[in-house]
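*Asks:* Pasting a structure below so you can have a look.
Each value in this text was obtained by applying a stated rule to the coordinates, not by laboratory testing. Source: prediction; values computed, not measured. Counting neighbours? That spans all protein chains shown, and the Cβs are built from the backbone with ideal geometry, glycine included.
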Amino acid sequence: MDQALRDKGIANRKAVLGEDYVNRSMASADDFNRPFQDILNEYCWGMIWSDERLPRKTRSMLNLVMLACLNRMHEWELHLKGALRNGVTKDEIQAIIHQIAVYAGVPLAVECFRAARKVFAEVEKGDS
């Protein structure tokens with residue numbers, strides 16, 4: 001394991017997903033899934049999210065589309081909160097969901113709008 005990349009990854013992960021979420025995820029890791037947490041921190045959040053060729057805002061937009069297309073709505077909600085932290089606006093999110101509707105299907109876009117309203121309400125309440 002590359003400790004420097006892992007540390008960068010943890011910092012990126014906390015910046016995007018929120019420190020509380022990441023701390024809970026890491027604290028709840030056990031012998032079975034701890035190696036996967038290490039993989040996430042080093043490769044996903046360290047190597048990929050540290051690649052400065054794409055800004056975080058762009059990465060967040062890409063993740064929203066990919067996660068929607070994979071129908072991973074729990075992760076979509078988590079990354080929507082991260083997208084808001086990374087500067088993606090509600091107007092841009094609306095446009096992203098419109099694009100999801102055209103290229104991946106209207107029922108999926110309906111689910112994205114439903115999830116987005118839930119996330120927006122949580123963020124406005126301070127539950128993020």
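*Asks:* Using Cα springs under 10 Å in a Gaussian network model of the chain, which residue among Leu84, Leu70, Leu108 shows the largest mean-square fluctuation?
*Replies:* Looking only at Leu84, Leu70, Leu108, the biggest GNM fluctuation is shown by Leu70.
*Asks:* Please compute the net charge surrounding Val123, taking Lys and Arg as +1 and Asp and Glu as -1 over other residues with Cβ under 12 Å from its Cβ. Write down the numbers at each step before the final one.
*Replies:* Details: positive: Lys81, Arg85, Lys90, Arg117, Lys118, Lys125; negative: Glu77, Glu122, Glu124, Asp127.
With Lys, Arg at +1 and Asp, Glu at -1, the net is +2.
*Asks:* Let me know the volume per residue of the alpha-carbon convex hull for region 28-86, in Å³. Walk me through the numbers before you get to the answer.
*Replies:* Details: hull volume 5.5 nm³, N = 59.
Hull volume over Cα atoms, normalised by residue count, gives 93 Å³.
*Asks:* Tell me the Kirkwood radius of region 71-124: reciprocal of the mean inverse pair distance over distinct alpha-carbon atoms, in Å. Walk me through the numbers before you get to the answer.
*Replies:* Working: mean 1/r = 0.0903 Å⁻¹.
It works out to 11.1 Å.
*Asks:* For Lys118, go through the aspartates and glutamates and keep the ones whose alpha-carbon is under 18 Å away, minus same-chain ones fewer than eight residues off.
*Replies:* Within the straight-line cut-off, Lys118 pairs with Glu75, Glu77, Asp91, Glu92, Asp127.
*Asks:* Hey, how many Å between the Cα centroid of region 1-27 and the Cα centroid of region 89-119?
*Replies:* That distance is 27 Å.
*Asks:* Can you give the charge dipole size of region 18-86 about its Cα centre, rounded to the nearest 20 debye, using +1 on the beta carbon of Lys and Arg and -1 on the beta carbon of Asp and Glu? Working shown, then result.
*Replies:* On the way: 9 positive and 10 negative charges, 80 e Å.
So the magnitude is around 380 debye.
*Asks:* A further question follows. Once you treat every alpha carbon in the chain as an equal point and sum by Debye, what is log10 I(q)/I(0) at q = 0.14 Å⁻¹?
*Replies:* -0.64
*Asks:* Using the Cα centre of region 60-125 as the reference point, and only Cβ charges (+1 on K/R, -1 on D/E), how large is the resulting charge dipole? Debye, rounded to the nearest 20. All intermediate terms of the calculation are to be shown ahead of the outcome.
*Replies:* Numbers: 8 positive and 7 negative charges, 26 e Å.
Result for region 60-125 is approximately 120 debye, rounded to the nearest 20.
*Asks:* Any idea what angle helix 90-104 forms with the longest principal axis of the chain, computed on alpha-carbon atoms, 0 to 90 degrees, nearest 10?
*Replies:* Result, in degrees: 80.
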